[in-house]
Every structure is written in C-alpha cells, then in structure tokens.
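Structure first, commentary second.
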Amino acid sequence: MPHAVKLYLAHTEHGHSIRSLARYSGVHPSTVSRSVRKIETLRDDPLIDRAVQELSKYCLESAPRRLEDKPMSFHNPDPNPLCYPASLDAPSITALRYLARKNTVLALAQGLELAVIVREAVQGQVEKLGTLDRAQVMAMTMQDWLKCDDPQARIMRFHLTDVGLKLLARLEEADTNDTDGREGGPSDPVSRGRLRYGQAISPVHSLARRRNKDGEPYISRSLVKQAERLREDYELALLESNAPIDWLGAIRSGLSRKSQAPAASALYRARSALADLGPGLGDVALRCCCRLEGLEAVEQTMGWSARSGKIVLRIALQRLARHYEDTQAAEALVG
C-alpha cells in the first residue's frame, strides 16, 4: 500500500493527528499534510475513491490508541492486489510499455472489471494490444503512473503520466546496468509472477543492450522487433481465444496445429511462427519473447548448460526473422 494512503487512512479513518503521524513516520508535519491533501484530491476520481474505500476495508484492520505504543496494523485478510500497488507484475509492466507508445490509451468502462489497452492505427483503425484488471488500474493510478482525462465519462481513458514514464525509464536503465544479464532464477520474483523496481523487463531487451567483442549489440534492433511482433500476436491470441491454448503442442506437432484458427488471426500467426521454429528454438521464443521468462529459468527448465540460453535465443530470433520474411514473400505471391 502506498505510504501516503496509509497516512491518509490513519488520519481520516482513525483520527490520528498530522503531528503524531509525522513523529511516527519521522518526517516533517508539512510532508504528511501534503500527502493527505494529495490523496483527498485524487479521490475526486471515482476510480481512486473506490480504491481508497477498498483499501480501508480490506487492508487497515486496526490502529493503536497511541502511535508510539505499536506500529499501525495493515492486515490483509483477503489477498487483494490493491494492497500491493508498489509492486509491478508482468501485466502492469507490459501495460506501461504499451502506453509509452504513440496514440495508445487504456480504456475502462464504468462497471467493468477489465480495462483494454488500444492503439489507433493507420486510417483510424483501432488495434487491441492487451488488457489489465481494474484493481491493477486503480493501483497504478494511485501511484500517479496513470491519469484519467475524464473520471466521470462512461468510458474512462487513461494515459501514462510523467511519473509513469520516469518509472519505465528507471526500469530500462536498470536493465542496461545489469552487468551479468542474469534474471529469472527459481527464487526470483519473476518466476513468482511479480517484478520489483530495477529488475529486467525482458531478456530480449536486456541482451539488446549488451555488446559483443566487436562492439555491436548482442541482439540487433531488427531482431528485437521480431520478438515484439511475436509477443503482440501471442497477447492478441490470448484475447481472441475463449479456451486455453496449447502452445507447447503447437511447437511439438508442427504446422498441422495451426489449422484450428482462421488464417488472419493472431493465434494462427503465433502458432505458425512457433511451429516453424520447432522444439528448442520454439521453446525459448515462447518463454523469453512471449512469457518474459528469464534466461536462467529457461536453461534450468530445458536442461541446458549455464549461459547457453542467450545463444539459443539469438538463433531463435534469427530463425523467426526468416519465418516472417518467407511469410511476407508468400503473401506477396498470392496477392
């Protein structure tokens, strides 16, 4: 829970004075006062107002009579994502990256629990990029990473704030400064479905910032684009499908699996690409490009030797680029 919200709830729900909260937190009273006023102003947004109400209900179990006696008790009886807005899970990071793109917004209809990330493409067409739970949207808005243009609108539209952009820049910078490029071990938060500030977003982007002996990027920008193309089809396929998708089956069984989906669908494109890569290359592409698993975790899962994953990943991306080139050439002949 954001510290500002803790202070706000302690002041408004339990009557602790600004000065006592300042002594308890070890800050100046004006700092606490600004935090309380900020949350109060944010509550003009119905989304934020609901988030504060839910945080008050689920996370703040009780407060002591005197703050000096014991710390405030923030109990979480029911696992609620609103209680962990300072953490970044994979969907939240993906949403931040999408919203950093031009002409991209997050839309959330009043009364719905799922927000949609869309981008206005050429000729006014709208492309759906992904989805995000309402609870995650509320948490990110409370952190001032997202901002809603009109909270009273039937369909609320959210944009990335300067704070959100700076957060994304810090994540990317931390990726660049990751000296050994290792991530995603068994005890790593990535494998538990939760990322912290400063951890790598994608092994592909991490390797793209590393240099080989000749000073060239270990993974070129063109190969990064191939990985992003596959991930977009993967995410769109998840949105299109109402049933679980057997991705590993597509890799193992080859092109026959793709006939279950329409030729124009993202599921068809993603399955075709993974099937063309086949076992090994398809596995590393699925896990690293689509699921954003770390290289070390992939090496352990696949039984590969240490530090071999980055080599296999680069080969997979090179093969993926050839697949897209062949597909484009075939479509040109048909057209």
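Read-outs throughout are calculated quantities, based only on the coordinates presented, and are distinct from any laboratory measurement. Since the model is a prediction, treat every value here as computed from it, not as a measurement. Note that we place each Cβ from the backbone using ideal geometry, even for glycine, and neighbour counts take in every protein chain shown.
Label-to-label distance, residue 33 versus residue 149, with points set 7 angstrom from Cα along the beta-carbon direction: 3.6 nm.
Between residue 90 and residue 216, full extension at 0.36 nm per residue minus the direct alpha carbon distance yields a gain of 42.5 nm. Would you mind checking the pairs 128/310; 6/102; 102/166; 225/310; 128/225; 6/147 and listing those with alpha carbons more than 26 angstrom apart? Too far apart for the 26 Å limit: 128/310; 6/102.
Potential lengthening of the chain between residue 253 and residue 19 amounts to 77.6 nm, from the contour at 0.36 nm per residue minus the alpha-carbon distance. The gain in end-to-end length when the residue 166 to residue 225 segment is fully stretched comes to 18.9 nm, 0.36 nm per residue minus the alpha carbon separation.
Working value for the range 198-334: equivalent-ellipsoid semi-axes of 25, 17, 14 Å, each the square root of 5 times a Cα gyration tensor eigenvalue, largest first.
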